[in-house]
1. Could you tell me which residue of region 122-150 is nearest to the chain's Cα centre (by Cα), considering only residues that are within 10 Å of ligand 2 (Cβ to nearest atom) and basic (Lys, Arg)?
2. Could you grab the pairs with beta carbons closer than 7 Å, sequence gap of 6+ or different chains, first residue in region 66-85 and more than 28 Å from Arg149 (Cα to Cα), second one near ligand 2 (Cβ under 9 Å from one of its atoms) and at pLDDT below 95?
3. Here are some conditions: (1) surrounded by fewer than 18 Cβ atoms within 10 Å (Cβ to Cβ); (2) over 30 Å from Lys33 (Cβ atoms); (3) without any contact (Cβ under 8 Å) to a residue 24 or more places away in the chain. Val101 meets all but one. Which one does it not meet?
4. List pairs: first in region 27-40 and farther than 21 Å from Asn61 by Cβ, second of a type in the set (Gly, Ala, Ser), Cβ under 8 Å, 6+ apart or cross-chain?
5. In region 48-56, is there at least one residue being within 13 Å of the chain's Cα centre (by Cα) and not small (Gly, Ala, Ser)?
6. I need the full set of residues from region 113-129 which are surrounded by 12 or more Cβ atoms within 10 Å (Cβ to Cβ) and farther than 19 Å from Asn42 by Cβ, in order please.
7. On the given criteria, is Thr59 of a type in the set (S, T, N, Q), in a strand (DSSP E or B) and under 15 Å from the mean Cα position of the chain (by Cα)?
8. Any idea which of (1) within 11 Å of ligand 2 (Cβ to nearest atom); (2) outside any strand (DSSP E or B); (3) not β-branched (Val, Ile, Thr) is the one Lys119 doesn't satisfy?
Amino acid sequence: MNKISKVLFITVISVSAIIMLYACGSKEIKPQKGETFIEGSNLPLDFFYQDVGTEHSSTFNLSLEGVTSTAVLVKAFDIDDLTEAKMYVNGTEVALPQGVVADTEDKGVIIEIDMGLLKEGENVIAFKFADNPRNTAGFRIDVLFIIIRQ
Ligand SMILES: [Ca+2]
Ligand SMILES: [Ca+2]
């Protein structure tokens, strides 16, 4: 390799690394074609320093005409264990996935839900501080959307 091609090679590698870093840092969940994100009210739902058993909820006004599938997008902070937090969609418990578990860290997950759990008009998603494993002070739901696909 001559000097010019070496410099060129290093430049190309550096630029690719910067682009890759940028792409990772700006990674966000955005609506895809045919998807609508409906944001819940009352956010964030903050369970820090509250009693085990506390529930907070968020409401959503939905129009379900022509909907083919539905999901919930949850971004949570400091759910240390799946026993710590429970989620209820219109009163029915929907299991949170392992991907939401983290210690003092944000985790975002998309959970597919049965369309039959949702109804036209007002819908409620509640979270419960169900247990405090290793004496955790709580958790927080920072982002909550219902995703409808048409
Ligand atoms: Ca923790
Ligand atoms: Ca916690």
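1. Arg140
2. That search, which allows pairs on different chains as well, returns Asp80/Pro133; Asp80/Arg134; Asp81/Pro133; Thr83/Pro133; Glu84/Pro133.
3. (1)
4. Ile29/Gly108
5. No, every residue in region 48-56 fails to be within 13 Å of the chain's Cα centre (by Cα) and not small (Gly, Ala, Ser).
6. If the condition is that a residue be surrounded by 12 or more Cβ atoms within 10 Å (Cβ to Cβ) and farther than 19 Å from Asn42 by Cβ, then Ile113, Met115, Leu117 are the ones that fit.
7. no
8. Answer for Lys119: the failing condition is (1).
The values are calculated or read from the model by the stated rules, or taken from the named source; none is laboratory data. The model shown is predicted, which means the values in this text are computed figures rather than measured ones. Every residue, glycine among them, receives a Cβ derived from its backbone with ideal geometry; neighbour counts consider all protein chains shown.
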